[in-house]
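Reading through the structure tokens given below for one structure.
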């Protein structure tokens, strides 16, 4: 009889075995959480949720909207900056390089305050939703630019030469040779970055964007159920990020041309 909790070196677990062990790990985590609450002699009570479900739903939708808008905008920013860092016009190249270095070298919380209260005020920007989208897009765009640039330079130049040798135009080379490989190589990192967009949106509560974290903060301040509110907050974020991870894994397999 084979051991259901171990596999041979280099062997992939079967789906039933993987499911069994994953459920076991989840059960152990829940037992650990229950034991920690028992040690604190704390009884969790979620009865307050019925009275605030509409507020939680509105905050959840706001987080989804901000994340979706920021995801699209940050992809555009990242693609433009990645292209700019390879531009032959040196001022453009160095501007993009400086942007990436500043954004990646400073914390998001500083960028939120700087953009909204100084730059945003100077520009007369009053819409907190779009201000938050622009802040997140600027922050995440710098990381996406580096992911895209790394994926591009990892493709061997001989593949472009081979595409030209068989008569491909530049557009055909980009579509049929470069982009499929870039997707396969950058998708794992991009999936993680998209999840970061969702989580980083919680910091927009600093400028009073009433998204999920700000909503839970207000509810916990009113009913003093801090553990319950933040436990529920974590579950709701997982509701968004886990499907993102699943979609990313699907496309990883879809574009895994080597296997």
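Computed from the coordinates by the stated procedures, all read-outs in this text should not be read as laboratory data. Keep in mind that what you see is a predicted model, and the values were worked out from it rather than measured. We place every Cβ from the backbone using ideal geometry, glycine too, and count neighbours over all the protein chains shown.
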Exercise. Put a dot 7 Å past each Cα toward the Cβ at residue 12 and residue 34; how far apart are the dots in nm?
Worked result: 3.4
For this session: State, to one decimal in nm, how far the label point of residue 227 lies from the label point of residue 126, with both points 7 Å from Cα in the Cβ direction.
Result: 4.5
Exercise. If you count, for each residue, the other Cβ atoms within 10 Å and average over each peptide, how do 154-165, 30-41 line up from highest to lowest?
Worked result: 154-165, 30-41
Exercise. What ranking of 87, 229, 26, 96 emerges when the number of other C-beta atoms within 10 Å of each C-beta is taken as an exposure proxy, fewest first?
Worked result: 26, 87, 96, 229
Exercise. How big, in percent, is the set of alpha carbon pairs in the range 75-254 lying more than 21 Å apart?
Worked result: 61
Problem set entry | Over the range 1-70, equivalent-ellipsoid semi-axes from the Cα gyration tensor in Å | 37, 24, 10
Exercise. Which whole-number percentage describes the relative contact order of the chain, with Cα contacts under 8 Å and a sequence gap of 6 or more?
Worked result: 25
Exercise. For residue 68 and residue 172, FRET efficiency with R0 = 41 Å and r from the beta-carbon atoms, rounded to 0.05?
Worked result: 0.85
For this session: Give the peptides 198-205, 183-190, 110-117 in descending order of average Cβ contacts within 10 Å, highest first.
Result: 198-205, 183-190, 110-117
For this session: Could you run the Debye sum over the Cα atoms of the range 198-259, one equal point scatterer each and no solvent, and tell me log10 of I(q)/I(0) at q = 0.16, 0.18, 0.27, 0.30 Å⁻¹, two decimals?
Result: -0.61, -0.70, -1.09, -1.18
Exercise. Where the centre of each part is set by its Cα atoms, how far does the range 204-237 sit from the range 79-94, in angstrom?
Worked result: 40
Exercise. By how many nm would the segment from residue 162 to residue 252 lengthen if fully extended, with 0.36 nm per residue of separation less the alpha-carbon distance?
Worked result: 29.9 nm
Exercise. So what is the calculated 222 nm ellipticity per residue for the chain, using -39500 (n - 2.57) for each DSSP H run with n of 4 or more, over all residues, to the nearest 500 deg cm²/dmol?
Worked result: -24500 deg cm²/dmol
